[in-house]
Amino acid sequence: MSILSLALRNLLYRPWTTALSLILAALGAGLISLILLLNWQLEQQFDRNLAGINLVVGAKGSPLQLMMSSMYHISSPTGNVPLDAVKPFLNPAHPYIALGVPLSLGDSYRGRRIVGTRPTFLQLYDAEVAEGTMWTQPMDIVAGASAARELGLRLGNTFRSSHGLIEDEDLTHQDAPPFRVVGILAPTGTVADLILLTPAESLWAVHDAHGEDHDHDHAHEHTYDVTQPLSAYADKTITSVLIRFKGNSVTALNMQRSINENTEMQAVTPSIQLAELYATVGQGEEVLRQLGYVVVGVSILSIFIGLYSSLDRRRGELALLRSLGAGPGKLFSLLLLEGSFTAVAGAMLGLVISHLGLAVIARYFSTAYRYDFRSWVFLPEEGWLLLGALVVGVLAASLPAWRAARVDVHRTLSGS
Amino acid sequence: MLTTSHLTYHYPGTGPTFHFPDLQVAAGEPTLLLGPSGSGKSTWLHLLAGILTPQAGHMALDGTDYAQLTGAALDRFRGRHIGLILQRAYFLEALSVRENLAIARRTAGLPADDTVLNTTLDQLGIAHYATKRPRQLSVGEQQRVTIARALVNWPKLILADEPTSALDKDNAHRVSTLLRNRAAELGAALVVVTHDERLRPDFPQIIELQPLTAQTAARVDP
């Protein structure tokens, strides 16, 4: 029967008061930790997939939407641009551009986006073919690691794509030639894991068939050579180009301005868009964080009131402990232990709840956007949160503990 | 074993000043401190128990003058050597009967000892209540738990405050016998503070306290 176990027994002896304090502490800590975790996850996901891309060029529309659809494969593309207009960005000999990656978006297979592109796409994300080979002809698919795993795709599998980005039987391109899996990428931890890559020509081939439904003879007349540069096709359109510059960002800003002012296209700087996005999200986050602090404040109050109001009832008990040889310091630490234990246990409960909450959110994100959130990552900030809870518990308990230590044994025991 | 001399206690401010008679209590000589309410019985008991510190005088238990002890040293001495049976039964409500005894050993700095706990509970006939909460017991049973708790550290001095005032004649006699027998077994000095005249025949040494007014008079006019 140590002081610590006595403190625990005392807490269990008034379960409702303890439960209330515990729940409040859990709510406060849980809210703050959930914000920390979400923030971390979001920035992780966004920053990891920035992939050194300096500029995204695509059709006019919402800049955020262009970035989201082309870089993160969330939300719909803004539309298409003629290949002619973006041809200069795809030129490997361009003086300022180190890497220009064309993207053709708009089709999917069972919720996974099919991205028509060029092999330079792999350079962006440092991806390598782990199984099979790179594509050699239209309709060849090189699948991202997690997309292949979750769809159960093997080399040689064939499938038909759907129009649009949602899973819908009615939108399947029934008449189009099927895709065939020829390669699977090694995991990269980036957005490249989540998508199905194919030569840009595949999407044209699908839609050629679509458009010429009634005229099957022509459907297979198109033959594309996927090894030639995209600029060889004059009358085609693509969705966007991801650009990595050679030099500094002044070039980027100038080129961005010039595209936005002089063409029918728009150019977006992802780092600036992300900063704006974080600032917007940050406001909501700030409100939630403040709410978290308020709840923490209430939980401090609840621990304090719980202990303080128990003093009157426990005066006899405390005096008894003194008469049994426990010094004032023992009584002080008894109440301090009760307070800090409630706070720390509550905070731990809060961390568990926030991780469970994150797991739920992660499930939603992985079904809705195919993004993988890791819900069992523990941040160093969470350790600080527990330490903070300890401090909070000690603070809340210190005044009641001080009063307990000063109980007048003689007056209490003689009943006056 | 317990000897006191010139014990004086003055309540802070304008409170009364008490001068208590000298005591000599041997292990085999249970002592009754008898007096009406307001005669300073509680004050005396709390002085002997080391809860109050006298302004003057000495009290020695087995040669240790604990009137001179303060703070942690006094707390330790009290926990280790004095078994206190209070008029009102106080318990650590969250703990079982057995754990109430265990914590008394702990606060006295003694090692946990199941045998001592079991023997003590057995001797007081409350072994079968060991796992119950004290508040689930009857008043008489509760009192036996407080007696058990006072004995569990094998104290040198057992102090009891009005142990029989709420009991009928038979039960009063039973408790008085119990206390004397246990004290004799432990070789402890026993001091009972009471206004219960029925206990007179049980105690070889009886010291009567005068009401406060008489004490003050005695001091002014020696």
Task: Some residue of the range A:148-161 being modelled with pLDDT of 90 or more and surrounded by 20 or more Cβ atoms within 10 Å (Cβ to Cβ) - done: yes
Task: Cβ pairs under 7 Å, 6+ apart, first in the range B:100-119 and more than 8 Å from chain A (Cβ to nearest Cβ), second aromatic (Phe, Trp, Tyr) - done: B:Asn100/B:Phe91
- [ ] Kindly provide the set of residues from the range A:396-414 that are touching a Leu at 6+ places or on another chain (Cβ under 7 Å), within 14 Å of chain B (Cβ to nearest Cβ) and in a helix (DSSP H, G or I), ordered by number.
- [x] A:Ala404, A:Ala405, A:His410, A:Leu413
Task: Residue check for A:Asp140: at pLDDT 90 or above and either within 27 Å of the chain's Cα centre (by Cα) or under 15 Å from A:Gly116 (Cβ atoms) (or both) - done: yes
- [ ] Spot the failing condition for B:Gly83; the list is (1) surrounded by 22 or more Cβ atoms within 10 Å (Cβ to Cβ); (2) free of Cβ contacts under 8 Å to residues at least 60 places away in the same chain; (3) more than 9 Å from chain A (Cβ to nearest Cβ), and only one is missed.
- [x] (2)
Task: Lone qualifier among B:Asn153, B:Asn118, B:Asn171 - being at pLDDT below 95, buried (at least 23 other Cβ atoms within 10 Å of the Cβ) and not aliphatic (A, V, I, L, M) - done: B:Asn153
Task: Meets criteria (part of a helix (DSSP H, G or I), touching a residue at least 12 places away in the same chain (Cβ under 8 Å) and surrounded by 20 or more Cβ atoms within 10 Å (Cβ to Cβ)) for A:Ala26 - done: yes
Open item on the list: Going by what's in this entry, would A:Leu99 be described as over 22 Å from A:Phe179 (Cα atoms) and in the same structural domain as A:Thr251 (by TED's automatic domain parsing)?
Closed with: yes
TODO: Scan the range A:324-347 for residues that are crowded, with 24+ Cβ neighbours inside 10 Å, within 13 Å of chain B (Cβ to nearest Cβ), of a type outside the set (Asp, Glu) and touching a Ser or Thr at 6+ places or on another chain (Cβ under 9 Å) and jot them down.
DONE: A:Leu324, A:Gly325, A:Ala326
Task: Residues of the range A:168-181 classified as over 17 Å from A:Arg110 (Cα atoms) and under 30 Å from the mean Cα position of the chain (by Cα), total - done: 0
Task: Verdict on B:Ala94 being among the hydrophobic types (A, V, I, L, M, F, W, C) and within 20 Å of A:Phe332 (Cβ to Cβ) - done: yes
TODO: Filter the range B:120-157 down to residues that are within 19 Å of B:Leu84 (Cα to Cα), aliphatic (A, V, I, L, M) and part of a helix (DSSP H, G or I) and give me whichever is nearest to the other protein chains (Cβ to nearest Cβ).
DONE: B:Ala150
- [ ] Name, by its number, the condition in (1) farther than 22 Å from B:Arg144 by Cβ; (2) small (Gly, Ala, Ser); (3) within 12 Å of chain A (Cβ to nearest Cβ) that does not hold for B:Gly63.
- [x] (3)
TODO: State whether one or more residues within the range A:1-11 are away from chain B (no Cβ under 14 Å), outside any helix (DSSP H, G or I) and surrounded by 15 or more Cβ atoms within 10 Å (Cβ to Cβ).
DONE: no
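One line per residue, one yes/no per condition, for (1) surrounded by fewer than 21 Cβ atoms within 10 Å (Cβ to Cβ); (2) touching a Cys at 6+ places or on another chain (Cβ under 8 Å); (3) within 27 Å of B:Arg200 (Cα to Cα); (4) modelled with pLDDT of 95 or more:
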{"position": "B:Thr3", "(1), (2), (3), (4)": "yes, no, yes, no"}
{"position": "B:Gly15", "(1), (2), (3), (4)": "yes, no, no, no"}
{"position": "B:Glu29", "(1), (2), (3), (4)": "yes, no, yes, no"}
{"position": "B:Gly38", "(1), (2), (3), (4)": "yes, no, yes, no"}
{"position": "B:Ile51", "(1), (2), (3), (4)": "no, no, yes, no"}
{"position": "B:Gly57", "(1), (2), (3), (4)": "yes, no, no, no"}
{"position": "B:Arg88", "(1), (2), (3), (4)": "yes, no, yes, no"}
Task: Of the criteria (1) of a type in the set (Ser, Thr, Tyr); (2) more than 30 Å from A:Leu311 (Cβ to Cβ); (3) surrounded by fewer than 22 Cβ atoms within 10 Å (Cβ to Cβ), which one B:Ser138 fails - done: (2)
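The values are calculated or read from the model by the stated rules, or taken from the named source; none is laboratory data. Please read all numbers here as calculations on a predicted model, not as lab measurements. Note: ideal-geometry Cβ built from the backbone for every residue, glycine included; neighbour counts use all protein chains shown.
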